[in-house]
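Each reported figure results from applying straightforward, stated rules to the coordinates on display, with no laboratory input. Remember, it's a predicted structure, so these values are computed and weren't measured experimentally. Glycine also receives a Cβ, built like all others from the backbone with ideal geometry; neighbour counts cover every protein chain displayed.
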């Protein structure tokens, strides 16, 4: 069987940008909590310096969060404690990282996984999952430039629903900008893993007719289903219902339909993909 690992930037960035949620892991300096923290966040692979860069080129990861969140505070503290260029490299407390960060930023790990199928085989040991996953390592820093922050907020918003930013009340007002933080993660390494295909049973089991005659094998395709958009029926006190737009906007309806069809198409194609056999 071929290896499932991939280092193709386009595929890795596509997994990040297709995932509705990514998970961000980091250490904290709290000695009473030795365990890494993992947070679900909304993120997107993009480049402010090179906005026309394709998914196949080096990109940063932008993460959206509240100002008061633990990750944002740690990144802020790391930036404030960073030595200037004339100082020797920062050492971490105890030599174990400890969430102190470095002059490059707060070390983080970003991961995303898309499940495409459940692979049922002759024995429990060979059951598997068709999936796409990406893991990236990098240094997180708060975005302080207003121009880059607004740009990143637009990228993150459009990563949730394509073209959503310009169909809302923009730009964000002062209070919203103050309460929102954006992290830029400079990626220094990572990889992806992809599994496609059907069952891959061992020869010893394939030779046994008694097992093959009674155990069903195959794949249950799995895909994230975007349903038909539903109008919000909440009411603004004394002013009628909040949503006054009668029809679902084209960009919302088409996004849901295209994502549903795209995810289903990939999951079904993964079942018959023999490239890893």
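Shape call for region 178-229 from the C-alpha gyration tensor, a ≥ b ≥ c root eigenvalues: rounded (a/c under 1.5), prolate (a/b greater than b/c) or oblate? Mind showing how you got there, number by number?
Numbers: a/c = 6.01, a/b = 2.17, b/c = 2.77.
Note, shape of region 178-229 comes out oblate.
Can you tell me the Rg and Dmax of region 5-272, counting just the alpha carbons, in angstroms?
Calculated on Cα positions, Rg and Dmax stand at 22.7, 74 Å.
Just to verify a number: FRET efficiency for residue 254 and residue 79, C-beta to C-beta distance, R0 = 41 Å, to 0.05? Present the calculation step by step, with values, prior to reporting the outcome.
Values: r = 40 Å, r/R0 = 0.98.
E(calc), rounded to 0.05, equals 0.50.
What whole-number distance in Å separates the alpha-carbon centres of region 242-261 and region 1-66?
With region 242-261 and region 1-66 each reduced to a Cα centre, they are spaced 27 Å.
What does the C-alpha gyration tensor say about the overall shape of region 201-277? Classify as rounded when a/c is under 1.5, otherwise prolate if a/b is larger than b/c, or oblate.
Working: a/c = 6.82, a/b = 3.23, b/c = 2.11.
It is prolate, given that a/c is not under 1.5 and a/b is the larger ratio.
Report, in deg cm²/dmol and to the nearest 500, the calculated mean residue ellipticity at 222 nm for the chain, where each DSSP H run with n ≥ 4 adds -39500 (n - 2.57) and the sum is divided by the residue count.
Numbers: 7 runs with 74 residues, N = 277.
-8000 deg cm²/dmol, from helical runs alone.
What order do you get for 215-228, 234-247 when each peptide is scored by the mean count of other beta carbon atoms within 10 Å, highest first? Show your work: numbers first, answer last.
Details: 215-228: 14.3, 234-247: 8.5.
Result, highest mean first: 215-228, 234-247.
Students often check this: by mean Cβ neighbours within 10 Å, which of 191-197, 122-128, 50-56 ranks highest, and how do the rest follow? Mind showing how you got there, number by number?
Values: 191-197: 19.7, 122-128: 13.7, 50-56: 12.0.
Ranking, from highest mean packing down: 191-197, 122-128, 50-56.
Among 207-213, 20-26, what's the highest-first ranking by average C-beta atoms within 10 angstrom per residue?
Highest to lowest by the protection proxy: 20-26, 207-213.
Mind checking the full-extension length gain between residue 30 and residue 167? Use 0.36 nm per residue of separation minus the Cα-Cα distance, one decimal, nm.
Between residue 30 and residue 167, full extension yields an extra 45.1 nm.
Roughly speaking, what is the stretch gain from residue 205 to residue 230, that is 0.36 nm per residue apart minus the C-alpha to C-alpha distance, in nm to one decimal? Please report the intermediate quantities before stating the final value.
Values: separation 25, 0.36 × 25 = 9.00 nm, distance 4.91 nm.
That works out to 4.1 nm of additional length.
If you take the square roots of the eigenvalues of the alpha-carbon gyration tensor of region 140-277 and sort them as a ≥ b ≥ c, do you get rounded (a/c under 1.5), prolate (a/b over b/c) or oblate? Before the final figure, lay out each step's value.
Numbers: a/c = 3.68, a/b = 1.81, b/c = 2.03.
Note, shape of region 140-277 comes out oblate.
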